[in-house]
Amino acid sequence: MSDVTVVLESISRGESQATEELFPLVYEELRRLAAARMAKEAAGHTLQPTALVHEAWLQLVGEGGRTWKNRAHFFGAAADAMRRILIDNARRKAALKHGGGQERLVLEDLEITDATPDEDLLLIDEALLWLEHQDPEKARIVSLKFFGGLTNEEVAENMNLGLRTVKRHWVVAKIKLFRWIGERKR
C-alpha cells in the first residue's frame, strides 16, 4: 500500500493531521499533471501550473468531509478540480471580452489535445457535459486525459479498465465530441 493510500485512509477516518500530510506526498504529481495541462493552453495564459495546483488543492480539501477511496480516486478528483478551475477561468475571460470575440471553429482543425483558446475550451466543456449524459465512462476518460493530463495507462489504472478499452473509448469519445461540436458550429 502506498503512502498516499495510507494517508487517504487516515483522512477517511477523520484524522485531522492527515490532510497536512497528504499535500507533500501528492504535490509533485499534481504539479506534473497541471504542467502537462497548462502546456496545452493557448499562449499568454495567466494561470500558472503552481497556481492551478494550489487552487485545485483548496477545492479538494476545502469542501470538508471529503474522502477518497484510493490514490486513483484522489487524482481523478484532482483532475476534475483542475477542469473546473480552467473552465471558470475561460468563462471569466470570455465574459470580459463581451462574447469572447468568438470565431468559427473548423472541426478538422481541432485536435482535442492541442493548445486551445478559451472559447474552444468552453465549447469542449459543453460537449463533455453532453457526453457525460450519453456515456459517463467515455466522458470520464476524456476528462482525465484532456483536463488531467493522464496517459492512457494512467487512465486505465485510475478507472480500473484495460488499456485497449481506454484506447477504444478515447477514439469513440473524440468522434462523438467532434460530431457534437460540428453540429453546434453550423
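Derivation of every value follows stated rules applied to the coordinates shown; laboratory data play no part. Please read all numbers here as calculations on a predicted model, not as lab measurements. Cβ sites come from the backbone with ideal geometry, for glycine too, and all protein chains shown count toward neighbours.
Would you calculate the separation in nanometres between label points at Glu20 and Ala35, each defined as 7 Å from the Cα along the Cα-to-beta-carbon direction?
2.8 nm
Note the full-extension length gain between His54 and Glu137 as 0.36 nm times their separation in residues minus their Cα-Cα distance, in nm to one decimal.
The His54-Glu137 span can extend by a further 27.1 nm.
Given R₀ = 45 Å, FRET efficiency for Val6-Arg168 by Cβ-Cβ distance, to 0.05?
Computed FRET efficiency for Val6 and Arg168: 0.85.
What distance in nm separates the simple spin-label points at Tyr27 and Trp130, each placed 7 Å from Cα in the Cβ direction?
4.2 nm
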